[in-house]
1. Once you place label points 7 Å from the Cα toward the Cβ at GLU256 and ARG34, how far apart are they in nm?
2. What residues qualify as long-range amide H neighbours of GLY266, i.e. H under 5 Å apart, gap of 5 or more or another chain, H built at 1.01 Å from N?
3. State, to one decimal in nm², a quarter of the convex hull surface area for the C-alpha atoms of the chain, i.e. the direction-averaged projected area.
4. So what's the back-of-envelope 222 nm ellipticity for the chain, counting only DSSP H runs of four-plus at -39500 (n - 2.57) apiece and dividing by all residues, rounded to 500?
5. Give me the Debye-computed log₁₀ of I(q)/I(0) at q = 0.14, 0.23 Å⁻¹ for region 169-273, equal point scatterers on Cα only, no solvent, two decimals.
6. Looking at LEU76, LEU10, GLN46, which one has the Cα that reaches farthest to the positive end of the dipole of region 3-82 (charges on Cβ: Lys, Arg +1; Asp, Glu -1)?
7. Run the numbers for ARG123 and HIS158: contour at 0.36 nm per residue of separation, minus the present Cα-Cα distance, in nm.
8. Quick one: SER141, SER229, SER52, fewest Cβ neighbours within 10 Å first, how do they rank?
Amino acid sequence: MESRWLEDFLSLVDTRNFSRSAQARYTTQPAFSRRIKSLEEWVGAQLFNRTSQPVTLTLAGERFRPVAEDVLRRLLQGREEARRIGDTTASTIRFAATHSLSLNFFSGWLRSIETRSHTFNTRLDTSQFHDCIQLLQRGDSHFLISYTHPVIQMNLPHEHFTSKMVLRDKLVPVTLPDSSGQPVDRLPGTEDEPVHYLGYSETSAIGRVVEQLISDNAGSLHLKRVFVSHMAAVLKVMSSEGRGTAWLPESHLAQEFANGTLVRAGDERWEIPINVRVIRSLDPLPAASEELWALIPGEVDTDWG
């Protein structure tokens, strides 16, 4: 049995889609499917029901899931502990964050911590949401900085991971203003004139939150999706150029709102509360990481909402 089979299994548990997991695991779908089949042969039971869309876990798969999570976590964290013993860079605090939070949140937040203590030796790995989750699970990062919302499935067991909330934010629909400062596109749109919508790709965590809002208001919200990207920064540029309406974190829009290059495309009905959390393993971290964790204000919790 190969450890990467467990990573493949947990990726498919998360995405429930073979092609998306193959993409996330940087392999072809046939190769990914063969590895899942090899794991099932090793276990001696079918783990996924492939007749449903999205795919679902069988009863055997449900029973195997916590075992896979625990084995992989222990294996990778054991590797990390052994690596730290002889690692001269053990004082480096490693973070993982999505592109949006890396560009618009991390630097200011870290500076606010360091002004109350001292400058830490840090490293930031920026990637897509699923990859960031895996970096934390593998022990390749000490902290994950992530948007959280009940719709976003973290797949981080509460008995092994904890968090602190560091920002209350919200996703707001924005668009280009007209000459009078009013939104060019205004939600909810009409059936005859739907609002042009700039969407997130299926790999985006906050994209899932936006899609849930759209689904919940399918009868009253009229949109036409004209562009897709997994990066909020790209959607902001496209919206600023008049390509359509995008749901963006309010904390990223202070300059645009101040100079009037973007305006809200709708009222509070279309805004979505969302939080930013710093997430870590409950296992002991290196001294520098534990020091920084103690400096982060807020209560410790395991609420990924």
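1. Label at GLU256, label at ARG34, 4.5 nm between them.
2. Answer set, sorted by chain and number: LEU187.
3. Computing the convex hull of the Cα atoms and averaging its projections yields 18.0 nm².
4. Details: 11 runs with 123 residues, N = 305.
Computed mean residue ellipticity for the chain: -12500 deg cm²/dmol.
5. Cα-only, vacuum Debye calculation for region 169-273: -0.46, -1.36.
6. Sorting the options by dipole projection puts first GLN46.
7. Taking 0.36 nm per residue and subtracting the Cα distance, the gain is 10.1 nm.
8. In order of increasing Cβ crowding within 10 Å: SER52, SER229, SER141.
Any read-out appearing in this document is the output of simple, stated calculations on the displayed coordinates, not a laboratory observation. It should be emphasised that the depicted structure is a prediction, and the values quoted were computed from it without experimental measurement. Every residue, glycine among them, receives a Cβ derived from its backbone with ideal geometry; neighbour counts consider all protein chains shown.
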